1. Conditions: (1) within 14 Å of chain A (Cβ to nearest Cβ); (2) assigned to a loop (DSSP other than H, G, I, E, B). B:G16 meets all but one. Number of the miss?
2. Within the stretch A:30-44, work out how many residues are closer than 25 Å to B:T5 by Cβ, among the hydroxyl-bearing types (S, T, Y) and within 15 Å of the chain's Cα centre (by Cα).
3. A:Y37 - would you say it is part of a strand (DSSP E or B) and among the hydroxyl-bearing types (S, T, Y)?
4. Given the residues B:F88, B:F74, which is the only one that is facing chain A (nearest Cβ under 9 Å), open to solvent by less than 50 Å² (accessible area, probe 1.4 Å) and modelled with pLDDT of 95 or more?
5. Checking A:V13 against (1) within 14 Å of chain B (Cβ to nearest Cβ); (2) touching a helix residue (DSSP H, G or I) at 6+ places or on another chain (Cβ under 9 Å), which single condition isn't satisfied?
6. Just to verify a result, which residue in the stretch A:79-114, among those that are touching a Leu at 6+ places or on another chain (Cβ under 8 Å) and away from every other protein chain (no Cβ under 14 Å), is surrounded by the most Cβ atoms within 10 Å (Cβ to Cβ)?
7. Hey, among the residues in the stretch B:29-45 that are assigned to a strand (DSSP E or B) and touching a residue at least 40 places away in the same chain (Cβ under 8 Å), which one's nearest to the other protein chains (Cβ to nearest Cβ)?
8. Those residues that are in contact (Cβ under 8 Å) with a residue 12 or more places away in the chain, within 13 Å of the chain's Cα centre (by Cα) and more than 22 Å from B:F105 (Cβ to Cβ), I need them from the stretch A:45-66; list them, please.
Amino acid sequence: AQTVTQSQPEMSVQEAETVTLSCTYDTSESDYYLFWYKQPPSRQMILVIRQEAYKQQNATENRFSVNFQKAAKSFSLKISDSQLGDAAMYFCAYIEAAGNKLTFGGGTRVLVKP
Amino acid sequence: DGGITQSPKYLFRKEGQNVTLSCEQNLNHDAMYWYRQDPGQGLRLIYYSQIVNDFQKGDIAEGYSVSREKKESFPLTVTSAQKNPTAFYLCASRALTGDQETQYFGPGTRLLVL
């Protein structure tokens, strides 16, 4: 069974600084997708970024970028120029290609200090 | 606006009572999902449906039931058989063509037992 592990329960970052969140996953599949979702206090899950496993290039979305290491089964999220609105829970998630079940990690809480 | 709506935002259940959570989407997505989130944890899949009048159990289906009579709607019933229903419930949907691997989430329903 696939598992997703986020080893950092909480991370703190100064406003305008950079923070990196770790995620590792376990799978025997070669074709899959990885996601980072943000869950602010409103609790709605918001897609931050996604990565296709078949793509070597790391995905970027404005201030958010990933470091995807397929052989190491690692998928970290970097938040640059952190803003107060970035404070939230961040979840790493995995899904097999053509699969239905998103498997989530336990989450990392990001605190942004002004 | 296109999106996913869930109602109610808060729901209270008495012992032995069945309650139904609503999920509606106007994204013309084929597949819909129900997840449960317990405090401090990631999401777990309850049920999903890829087409009208068809649905499959997820990892924690016991004590829950669903229907999919319309493409836009996927209500979840929490039955009296679910002994620990207090949680946050999230509905999601995705297209099965194009950007088919990304699930988009509604704002959620918080269920509390009286």
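The values are calculated or read from the model by the stated rules, or taken from the named source; none is laboratory data. Please read all numbers here as calculations on a predicted model, not as lab measurements. Note that each Cβ is placed from the backbone with ideal geometry, even for glycine, and that neighbours are counted across all protein chains shown. All accessible areas refer to the heavy atoms of the entire protein, side chains included, with ligands and DNA or RNA removed. Shrake-Rupley method; radii C 1.70, N 1.55, O 1.52, S 1.80 Å.
1. (1)
2. 1
3. Values: part of a strand (DSSP E or B): yes; among the hydroxyl-bearing types (S, T, Y): yes.
It is true that A:Y37 is part of a strand (DSSP E or B) and among the hydroxyl-bearing types (S, T, Y).
4. Just one listed residue meets the conditions, B:F88.
5. Result: A:V13 fails condition (1) only.
6. So, considering only residues that are touching a Leu at 6+ places or on another chain (Cβ under 8 Å) and away from every other protein chain (no Cβ under 14 Å), the one surrounded by the most Cβ atoms within 10 Å (Cβ to Cβ) is A:I79.
7. Within the stretch B:29-45, the subset assigned to a strand (DSSP E or B) is B:31-37, B:43-45.
With touching a residue at least 40 places away in the same chain (Cβ under 8 Å) added as a condition, the list becomes B:31-37, B:43.
Working: B:A31: 7, B:M32: 11, B:Y33: 8, B:W34: 12, B:Y35: 8, B:R36: 11, B:Q37: 8, B:L43: 5 Å.
Among those that are assigned to a strand (DSSP E or B) and touching a residue at least 40 places away in the same chain (Cβ under 8 Å), it is B:L43.
8. Of everything in the stretch A:45-66, just one residue is in contact (Cβ under 8 Å) with a residue 12 or more places away in the chain, within 13 Å of the chain's Cα centre (by Cα) and more than 22 Å from B:F105 (Cβ to Cβ), namely A:S65.
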